[in-house]
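Encoded as structure tokens, the structure appears first; notes follow it.
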Amino acid sequence: MPFLWKDFLTRRQVWLWIALAFGLWIAMFWNFFAGTNPLTSDALSYFEHTMLFAKTLTQGHFPLWSQQWAHGAPNQFFLQRIGCYNPVYEWAILFKALGASDIFAYLLMHALYYFLGMIGFFLLLKRIYSDDVAAFTGMIVLFFSALGTRMFDSYMLIIVNPLIWFFFFLVAFTQERKVHFFLGIIVTLMILETTYIPFFVLTILVGFVLVFPLVYAAQLGDILRGYRDFACQHKKIVIVGALLLMMASVPSGMLFQKMKEGSMALPGRHVTSALPGQDDALKVDAPARLSWAIPEDILFSSYFWEFHRFRLSLLYIPFFAWIMVCLGAVCGLNRRIIFYLLFGGLFFILGSPFVLPLYDFLFKHVFYFKYFRNLHFFLWFLLLPLFAVLLAEFMHQVFQMRQDPRFKKTGFGALVIVVHGALIGFLLHQGGWAMGTLLTVIGSLVFFMWVALGRAFKPSGLIFAGLLLIVAVEPFQVYRFLVKNTGPVVQTGPSISRPAAPATVSGGNIYYGSAWFNFLNERLDAQTIGKYFRYRFVVYDDVAVFDEKAVNLGLLVNLFRNEVDIALVAPGKLPRPNIRPESLMKHAQGFGDSGEGLKVLNETPNTIRIKTSFPVEKFLVYNDSYDKDWQVYVNGRRATLYRANVAFKGVWLNAGENVVEFRYGPFVLTAFHVLLLAMLNVFFYAIGWLWWQDSRRPV
């Protein structure tokens, strides 16, 4: 048995150690997976929308409309935010089918996706350096950085992971013109196109295209000729790839067109005008776009250098990274390092608008810079992974340095002792350090002295085990503090099922919703809103036209509070233009999902069917936001849909029994979304199959 253990440790077992790193990472955050610690901030809404999307898919529907948000809103905004076409969301469906809870299914899906991203990062580094040790070093430093913690309070991983894989496929395709690498570029770009606001990624890609020729001008011609030769040999594949990219751009285009109409509101991004219909809700106002950038993120995180106060949203990099920076200071400057510094420096300047005016210039002259904020995201999307790539470069050069016969053992050993001795002295002088930090420095000293003595020339299990232990010991302690400071769950997570009655809105700003609903919500008091929204449906005997350009808020408050039997409708052709005096003295009828004369028959995210039976003609108001893409059918025949009570849907009903069906979006739109989802799934798994087939061919 001892012999087998020794043989196991001395063989190349890098993939086993990567899997072990994933197991350690899961153990560090198990409280979140078990539901003991809560999701916070944006992760809560992403959890809700992701699991609701997964649930509706299993029911056979593609949710184009969200009834849960601000009394109804087009769902494309939320689908774009979560990147709903990403094939990994089917993993959450699978975990739910196997009996997992919503929170466990969601986090396990994200954890496996993060692990997949780290595998892509390892493969990328291996492509760059052809060095398992350097690749493993960069990967585990990034793995145990605070990047992975953002799944518990944010949504950054849904962008970082496909971005990492994009650069892997780009580098691999540049080195070897293989079909599955080309398709990998296409699929990752499709995922990035359909996730969140794609302008972050577009800016990163443009920056890469600008910086790369500055450093690799001599190689650029050969690279482009290789791309051209592939395109000539595989014309059909290239055409299909181009068509897929065009197809993936359609959802973003539809979202931006919707926002430009002025029918939607995002008050946190853009302060709306006095009346709806006059604003592009996606545009970002100056206070929102400049409120938090890269320097603020770094400085704020530095206040928590005493790890017992560590919490979510803070930047953290294992201390081993700084050891590598110190050792790398004596490494030679090459084109790779120059490229990393130029590429990273460009985005540090871009993400620091108060340092240099680059962002202000781009905001004025490049149209899409008006559509995204949160400049500190560049720190997480690009600068943190790029820093890990630089660390891999340093490790690669350190091992090359030791293997260089011109570099004596004593010289390398002296460098190791000086660097680690200085860092230990710094920690002891600084105070407040964690025991894990000191253990990292001591473990690193032992490791590199082992290298100095020539014991670690060839990659082996001991090297990977040593690096994993050295890097992970500090994060293990730091994240224990994070789990403790996040605290236990004090209430259940967000519900993914619509309540029987609409949730009461208390007034003030909403995050996202229809522009007219936002208009009401900002101007009416909580008592008025609360009383009106007791009912999902309201039935009236009469209607009156309201002036869209000068809404009489006093009249509106009176009608809502006193439940007067008169509905307000937007200007248009009405069957009965005159109000009957008796309607002023009567009360409107309110309903939940059922009542005498009204019953909800069935509903999906995009439709609702109700049955009504009233002795006289009535005007039905459905307190779900109006949108021009809604249609209404009464007894199977299309009827006129009115914007009623300023923000909602209304329809006239004849006396007697009626079956009313509200439908959102044409069938062709649903079919397009389903087709795009299916295409991404097919190509996502086809890449894996083609890759596996290629690996089986003899070299």
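The values are calculated or read from the model by the stated rules, or taken from the named source; none is laboratory data. Please read these numbers as outputs of a predicted model, since none were measured by experiment. No Cβ is skipped: glycine too gets one built from the backbone with ideal geometry, and neighbour counts run over all protein chains shown. For accessibility, only protein heavy atoms count, side chains too; no ligands or nucleic acids. Shrake-Rupley method; radii C 1.70, N 1.55, O 1.52, S 1.80 Å.
Out of all the residues in the range 628-644, is one or more polar (S, T, N, Q) and either at pLDDT below 90 or farther than 23 Å from residue 600 by Cα (or both)? No, that holds for no residue. Among 70, 27, which is the only one that is more than 19 Å from the chain's Cα centre (by Cα), within 21 Å of residue 254 (Cα to Cα), open to solvent by 10 Å² or more (accessible area, probe 1.4 Å) and among the small types (Gly, Ala, Ser)? After ruling out the rest, the residue left standing is 70. Closer than 30 Å to residue 123 by Cβ, out of contact with any His (no Cβ under 6 Å at 6 or more places or on another chain) and at pLDDT 90 or above: is that true of residue 685 in this structure? Considered against the rule, which asks whether it is closer than 30 Å to residue 123 by Cβ, out of contact with any His (no Cβ under 6 Å at 6 or more places or on another chain) and at pLDDT 90 or above, residue 685 comes out as yes. Selection over the range 205-236 of residues that are farther than 19 Å from residue 193 by Cβ and either in contact with a strand residue (DSSP E or B) (Cβ under 8 Å, 6 or more places away or on another chain) or of a type in the set (Val, Ile, Thr) (or both) gives a count of 3.
Pairs are defined by a Cβ separation below 9 Å, a sequence spacing of at least 6 or placement on different chains, a first member in the range 539-557 that is farther than 17 Å from residue 619 by Cβ, and a second member that is open to solvent by 30 Å² or more (accessible area, probe 1.4 Å) and of a type in the set (A, V, I, L, M); the pairs so defined are 548/275; 549/275; 550/275; 551/275.
Residues that are among the small types (Gly, Ala, Ser) and closer than 30 Å to residue 76 by Cα are absent from the range 164-174. Within the range 351-380, being under 21 Å from residue 317 (Cβ atoms) and either of a type in the set (D, E, K, R) or out of contact with any Asp or Glu (no Cβ under 6 Å at 6 or more places or on another chain) (or both) holds for 351, 352, 374, 375, 377, 378, 380. Could you tell me which residue of the range 284-304 is modelled with the highest pLDDT, considering only residues that are among the aromatic types (Phe, Trp, Tyr) and surrounded by 14 or more Cβ atoms within 10 Å (Cβ to Cβ)? Here the answer is 300. For residues in the range 507-555 being hydroxyl-bearing (Ser, Thr, Tyr) and farther than 21 Å from residue 588 by Cα, which is most open to solvent (accessible area, probe 1.4 Å)? Among residues in the range 507-555 that are hydroxyl-bearing (Ser, Thr, Tyr) and farther than 21 Å from residue 588 by Cα, the one most open to solvent (accessible area, probe 1.4 Å) is 511. With respect to the conditions (1) of a type outside the set (D, E, K, R); (2) touching a strand residue (DSSP E or B) at 6+ places or on another chain (Cβ under 7 Å); (3) surrounded by fewer than 19 Cβ atoms within 10 Å (Cβ to Cβ); (4) on the phi > 0 side of the Ramachandran plot, residue 655 falls short on a single one, namely (4). In the range 108-128, the residue that is farthest from the chain's Cα centre (by Cα) out of those that are open to solvent by 10 Å² or more (accessible area, probe 1.4 Å) and aromatic (Phe, Trp, Tyr) is 115.
Inspect the range 133-153 for any residue being out of contact with any Phe, Trp or Tyr (no Cβ under 9 Å at 6 or more places or on another chain), part of a helix (DSSP H, G or I) and modelled with pLDDT of 95 or more and give the result as yes or no. No, because not a single residue in the range 133-153 is out of contact with any Phe, Trp or Tyr (no Cβ under 9 Å at 6 or more places or on another chain), part of a helix (DSSP H, G or I) and modelled with pLDDT of 95 or more. As a summary of the residue check, residue 317 satisfies the conditions (1) more than 30 Å from residue 442 (Cβ to Cβ); (2) not in a helix (DSSP H, G or I) except for the one numbered (1). Residues in the range 625-650 that are of a type in the set (Asp, Glu) and open to solvent by 10 Å² or more (accessible area, probe 1.4 Å): 629 only. If I ask for residues that are closer than 30 Å to residue 183 by Cα and touching a residue at least 60 places away in the same chain (Cβ under 8 Å), which ones from the range 645-674 would you list? Listed by number, the residues that qualify are 669, 670, 672, 673, 674.
Screening 208, 167, 256, 212 for residues that are open to solvent by 10 Å² or more (accessible area, probe 1.4 Å), in a helix (DSSP H, G or I) and closer than 28 Å to residue 41 by Cα leaves exactly one candidate, 256. Listed by position, the strands (runs of 3 or more DSSP E) enclosed by the range 633-682 that each have at least 2 residues that are among the β-branched types (Val, Ile, Thr) and assigned by TED's automatic domain parsing to the domain that holds residue 536 are 656-664. Take residue 311 and tell me if it is part of a helix (DSSP H, G or I) and either of a type outside the set (Phe, Trp, Tyr) or touching a strand residue (DSSP E or B) at 6+ places or on another chain (Cβ under 6 Å) (or both). Taking the combined requirement at face value, the residue does not satisfy it.
The condition of being at pLDDT 90 or above, over 25 Å from residue 266 (Cβ atoms) and open to solvent by 20 Å² or more (accessible area, probe 1.4 Å) holds for only one of 97, 21, 105, that being 97. Against the conditions (1) open to solvent by 30 Å² or more (accessible area, probe 1.4 Å); (2) farther than 20 Å from residue 243 by Cβ; (3) not basic (Lys, Arg), where does residue 141 fall short? Just the number, please. Result: residue 141 fails condition (1) only.
Residues that are farther than 30 Å from residue 533 by Cα and outside any helix (DSSP H, G or I) do not occur anywhere in the range 71-82. Closer than 23 Å to residue 530 by Cα, open to solvent by less than 20 Å² (accessible area, probe 1.4 Å), outside any loop (DSSP other than H, G, I, E, B) and of a type in the set (Gly, Ala, Ser) - does that describe any residue in the range 595-603? The answer is no, given that none of the residues of the range 595-603 is closer than 23 Å to residue 530 by Cα, open to solvent by less than 20 Å² (accessible area, probe 1.4 Å), outside any loop (DSSP other than H, G, I, E, B) and of a type in the set (Gly, Ala, Ser). When we screen 187, 179, 133 for residues that are within 28 Å of residue 13 (Cα to Cα) and among the β-branched types (Val, Ile, Thr), the only hit is 133.
Just to be sure before I move on: is residue 676 under 22 Å from residue 566 (Cβ atoms) and open to solvent by less than 60 Å² (accessible area, probe 1.4 Å) in the structure I sent? For residue 676, the condition - under 22 Å from residue 566 (Cβ atoms) and open to solvent by less than 60 Å² (accessible area, probe 1.4 Å) - is not met.
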